[in-house]
Amino acid sequence: MAIIETKNLTYTYPGGTTPSISDISLTIKKGEFITLTGPSGCGKTTLCRCFNGLIPHFYSGKLEGDLVVKDLRVIDHSISNLARHVGLVFQNPENQLFALSVEKDVAFGLENVGMPREEIRKRVDWALQMTGIENLRERAPHELSGGQQQRVAIASVLAMQPDVMVLDEPTSFLDPLGAEKIFDVINELNKKLDITVILVEHRLDLASKYTDHVIVMDKGKVLFDGGPREIFASEEVRMTGVGIPKAVMLYQALKDEGIHLKEVPITSKEATQLIREIIIHDRS
Amino acid sequence: MIEVKDVHFTYPTGVKALREICLAVQDGEFVAIMGQNGAGKTTLVKHFNGLLKPTEGEVFIDGVNTRNLSIANLSRKVGFVFQNADYQLFCETVEEEIAFALRNFGFDEKTIKKRVTWALNLLDLMQYRKTSPFMLSGGERKRVALASILAWDPEVIILDEPTIGQDYHQKERLRQFIVQLNTQGKTVIMVTHDIEFVADCSPRVILMSQGKIVAEGVAEEILTNVNLLAQASILPPQITQIFLNLKDLGLPSKVINVHEGKKILLNFLGAPA
């Protein structure tokens with residue numbers, strides 16, 4: 001079942017001369033884990049802003065084509081209505097956090113939809129626990145490190161238990177182990193709660209093992225839409241400057257020298273296994 | 001030359017961010033400071049341009065104690081590109097942003113124009129010269145911040161997480177560009193989590209954890225030492241992970257980049273048909 005469907009979606013920011021995204025036609029199914037990637041300035045963030053109605057309701061500008069999210073035509077529904085279904089974690093957490101304590105920030109969305117106090121308490125506790133920041137509960141978000149703020153931003157969106165979570169480079173300020181923890185959390189939300197995840201990410205080496213569907217954008221258009229292995233095998237995609245995992249580069253470098261691994265590895269574990277097979281085969 | 005002598009730093013809130021830091025960075029060195037969130041990396045480099053002064057101990061820039069120098073004075077020599085570009089951008093156009101510091105340093109208008117054009121070209125920002133920095137994407141803003149620092153040609157360039165929000169091409173450009181700056185004799189110090197970027201650049205690596213320096217050395221040594229990296233909450237580069245897992249087959253394990261990995265495997269397998 002499609003949870004997000006776009007048809008020929010084209011958008012131009014107010015005052016803009018050329019569209020930031022053009023002719024985007026996509027289907028995202030309920031429960032998918034999508035990685036949305038592409039070079040800087042390709043329109044990833046702009047597309048994400050459409051999913052919860054920030055575009056066109058907040059940014060105005062000119063939106064053409066069709067966009068339906070959870071059977072709601074985005075153009076006909078308010079941001080506050082759409083926000084119940086689509087949670088957006090901003091690229092820069094500081095743009096999203098404003099309360100005087102982490103707890104209050106996480107509770108804010110729930111208060112806004114008029115949830116009973118006891119339920120809010122439960123949801124906040126759960127979201128803080130899921131993101132591993134229970135110890136930051138009383139701290140002021142603006143005093144936290146970039147990585148900690150990113151967790152708070154994720155918790156505040158998570159607390160709403162939306163159908164779709166859109167995360168715009170949610171781990172950019174985090175160290176790799178911290179990033180992996182966040183990806184694990186996101187993955188768990190996706191698998192256990194069936195939340196559809198749209199992850200905007202450059203670091204495909206970290207993200208690809210969780211993903212079943214990758215969308216590559218370039219110059220405002222969708223360039224590729226498919227599985228991670230197919231993407232990395234595509235010359236066209238490599239040319240755009242998408243961050244190809246080093247395991248895939250090694251695969252390619254070996255292939256250029258006439259050594260063919262059985263398939264395209266997307267993790268170091270897979271690469272290890274494939275190389276091991278070749279070495280053992282070579283020895284026998 | 002930057003000398004850090006037994007520096008401790010405690011924030012007014014009581015958080016001890018640096019403990020017993022001793023470090024020397026020679027002119028023309030390329031150094032990566034790595035470690036987990038909250039390890040004290042940014043706090044340390046903020047001492048290099050006088051944004052912070054040590055609670056205990058001393059920092060010397062070219063032999064002068066930073067306690068005796070103003071930030072205005074130090075920044076001419078030490079340029080600092082913030083992690084979050086939004087902290088440093090405020091002008092109405094990209095062009096003005098880059099010209100701002102140059103005007104402050106008292107360059108004449110002709111030089112300013114030349115330098116601005118140079119920096120715009122260098123970072124592929126020419127098409128945005130009249131655009132507001134806040135209309136740009138996160139990755140582009142980051143490049144504006146970098147351009148505005150490089151424009152005044154400091155001797156030491158500090159880059160706090162330069163690869164955040166940058167795509168692969170831009171990272172590759174950034175790498176070539178850092179190498180170029182370094183070849184020209186500039187000291188480059190970058191704070192980063194981006195292990196793959198460090199593996200590609202192969203600088204001297206300083207590993208921090210909980211306010212202390214836990215290890216330093218060449219990239220090949222530090223990035224392939226799993227125990228050290230784990231202390232600093234860092235995973236080895238993907239290529240290193242692959243080779244560490246193949247150690248039992250008799251392959252070398254101190255491998256950090258694709259090119260080297262390929263060479264080793266080709267040798268190991270013998271020339272294929």
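The values are calculated or read from the model by the stated rules, or taken from the named source; none is laboratory data. Please read these numbers as outputs of a predicted model, since none were measured by experiment. Please note: Cβ atoms are built from the backbone with ideal geometry, for glycine as well, and neighbour counts cover all protein chains shown. Side chains are part of the model used for accessible areas, which takes the heavy atoms of the whole protein and leaves out ligands, DNA and RNA. Shrake-Rupley method; radii C 1.70, N 1.55, O 1.52, S 1.80 Å.
Table for the structure above
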quantity	calculated
Total residues in the stretch A:113-130, condition modelled with pLDDT under 90 and either part of a helix (DSSP H, G or I) or within 14 Å of another protein chain (Cβ to nearest Cβ) (or both)	1
Matching residues, the stretch B:160-175, being at pLDDT 90 or above and either assigned to a helix (DSSP H, G or I) or out of contact with any Phe, Trp or Tyr (no Cβ under 9 Å at 6 or more places or on another chain) (or both)	B:175
Among (1) touching a strand residue (DSSP E or B) at 6+ places or on another chain (Cβ under 9 Å); (2) farther than 22 Å from residue B:83 by Cα; (3) within 14 Å of chain B (Cβ to nearest Cβ) - the single one residue A:109 does not satisfy	(3)
Residues being within 14 Å of another protein chain (Cβ to nearest Cβ), open to solvent by 40 Å² or more (accessible area, probe 1.4 Å) and not in a helix (DSSP H, G or I) - total across the stretch B:82-130	5
Checking residue B:217 against (1) more than 10 Å from chain A (Cβ to nearest Cβ); (2) open to solvent by less than 40 Å² (accessible area, probe 1.4 Å); (3) part of a helix (DSSP H, G or I); (4) farther than 25 Å from residue A:278 by Cα, the condition it does not meet	(3)
Considering residues of the stretch A:191-209 that are closer than 26 Å to residue B:231 by Cβ and out of contact with any Gly (no Cβ under 8 Å at 6 or more places or on another chain) only, the residue surrounded by the fewest Cβ atoms within 10 Å (Cβ to Cβ)	A:209
Of all residues in the stretch A:267-284 being more than 7 Å from chain B (Cβ to nearest Cβ) and acidic (Asp, Glu), the one that is farthest from residue B:266 (Cα to Cα)	A:270
Matching residues in the stretch B:155-176 - criterion: being open to solvent by less than 20 Å² (accessible area, probe 1.4 Å) and either within 14 Å of chain A (Cβ to nearest Cβ) or more than 19 Å from residue B:44 (Cα to Cα) (or both)	B:160, B:161, B:162, B:163, B:165, B:166, B:167, B:174
Identity of the residue in the stretch B:19-39, within 14 Å of chain A (Cβ to nearest Cβ) and open to solvent by 10 Å² or more (accessible area, probe 1.4 Å), that ends up farthest from residue B:192 (Cα to Cα)	B:38
Qualifying residue in the stretch A:97-108 (condition: closer than 26 Å to residue B:136 by Cα and surrounded by 14 or more Cβ atoms within 10 Å (Cβ to Cβ))	yes
Matching option when the condition is modelled with pLDDT of 90 or more and either more than 17 Å from residue A:107 (Cα to Cα) or within 16 Å of the chain's Cα centre (by Cα) (or both), among A:176, A:162, A:170	A:162
Residue within the stretch A:229-250 that is open to solvent by 50 Å² or more (accessible area, probe 1.4 Å), at pLDDT 85 or above and under 13 Å from residue B:265 (Cβ atoms) present	no
Sole exception among (1) surrounded by fewer than 21 Cβ atoms within 10 Å (Cβ to Cβ); (2) more than 11 Å from chain A (Cβ to nearest Cβ) for residue B:190, by number	(1)
Test for residue B:263: is it free of Cβ contacts under 8 Å to residues at least 12 places away in the same chain and within 13 Å of chain A (Cβ to nearest Cβ)	yes
Lone qualifier among A:55, A:75 - being open to solvent by 40 Å² or more (accessible area, probe 1.4 Å), of a type in the set (Val, Ile, Thr) and over 20 Å from residue A:207 (Cβ atoms)	A:75
Flag for residue A:188 being surrounded by fewer than 24 Cβ atoms within 10 Å (Cβ to Cβ), over 24 Å from residue A:43 (Cβ atoms) and free of Cβ contacts under 8 Å to residues at least 40 places away in the same chain	no
Contacts under 7 angstrom Cβ, first residue in the stretch B:49-65 being more than 14 Å from residue B:23 (Cα to Cα), partner assigned to a strand (DSSP E or B) and among the hydroxyl-bearing types (Ser, Thr, Tyr), 6 or more apart	B:55/B:10
Residue within the stretch A:2-11 that is within 14 Å of chain B (Cβ to nearest Cβ), surrounded by fewer than 21 Cβ atoms within 10 Å (Cβ to Cβ) and more than 26 Å from residue A:188 (Cα to Cα) present	no
Complete set of residues in the stretch A:150-168 that are crowded, with 23+ Cβ neighbours inside 10 Å, outside any strand (DSSP E or B) and either within 14 Å of chain B (Cβ to nearest Cβ) or among the hydrophobic types (A, V, I, L, M, F, W, C) (or both)	A:150, A:151, A:152, A:153, A:154, A:155, A:157, A:158, A:159
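Residue-wise test of (1) at pLDDT below 90; (2) of a type in the set (Phe, Trp, Tyr); (3) within 30 Å of residue B:132 (Cα to Cα); (4) surrounded by 16 or more Cβ atoms within 10 Å (Cβ to Cβ).
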position	(1), (2), (3), (4)
B:57	no, no, no, yes
B:63	no, no, no, no
B:70	yes, no, no, no
B:73	yes, no, yes, no
